[in-house]
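Student: Got a structure here, written out as structure tokens. Questions coming.
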Amino acid sequence: MIPYPADIQDRDAALRGLRPARQWEAVEMTDQTLQQEDDTVLLSYSIVAWRDCCSTPLRARCASTYLSDDGTWYRLSHERDVRDGDEAGEQVRMLRRKPRPASQLGAA
């Protein structure tokens, strides 16, 4: 069950949400699962992600739901449960982005 949002965004908050986000410098993914039912897919995975501005990585469990409408996939929802502390797990290959000028940074 997906909880009801704490509040509804007003116009200004929605526009702030469209601003380019800081990019992740590196991301490790584990525990990936995919469940499909007809035209709906649920992806879930754990991440450890780093940004150049922060010394502590983000650790979270994520889930995204997608719907196929005549072959075009639309993301219906994305949930992120941030985890505290260090978790043991198998080591995976680290994905790194190529450096980009600040003028080219935008939402992933």
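Bear in mind that the values in this text are calculations on the coordinates, not laboratory data. Given the structure is predicted, the values throughout are model-derived calculations rather than measurements. In this analysis, Cβ positions are derived from the backbone assuming ideal geometry, glycine residues included, and neighbour counts consider all displayed protein chains.
Student: Under a point spin-label approximation (7 Å from Cα along Cα-to-Cβ), what is the THR33-ALA13 distance to one decimal in nm?
Tutor: Calculated label separation equals 3.1 nm.
Student: Could you go through the stretch 28-33 in sequence order and give the Karplus-derived ³J(HN,Hα) for each residue, using 6.51 cos²θ - 1.76 cosθ + 1.60 with θ = phi - 60°, rounded to whole Hz, and x for Gly and Pro?
Tutor: These are the phi-based 3J(HN,Hα) values: 10, 10, 9, 6, 6, 9 Hz.
Student: Something else: Show me 27-33, 72-78 ranked by packing, highest mean number of other Cβ atoms within 10 Å first.
Tutor: Descending packing order for the listed peptides: 27-33, 72-78.
Student: Add +1 for every Lys or Arg and -1 for every Asp or Glu among the other residues with Cβ under 13 Å from the Cβ of ASP69, and state the total.
Tutor: -2
Student: I've got another one for you. Using the C-alpha gyration tensor of the stretch 19-67, what are the square roots of 5 times its eigenvalues, in whole angstrom, with the largest one first?
Tutor: Semi-axis lengths for the stretch 19-67 are 26, 13, 6 Å.
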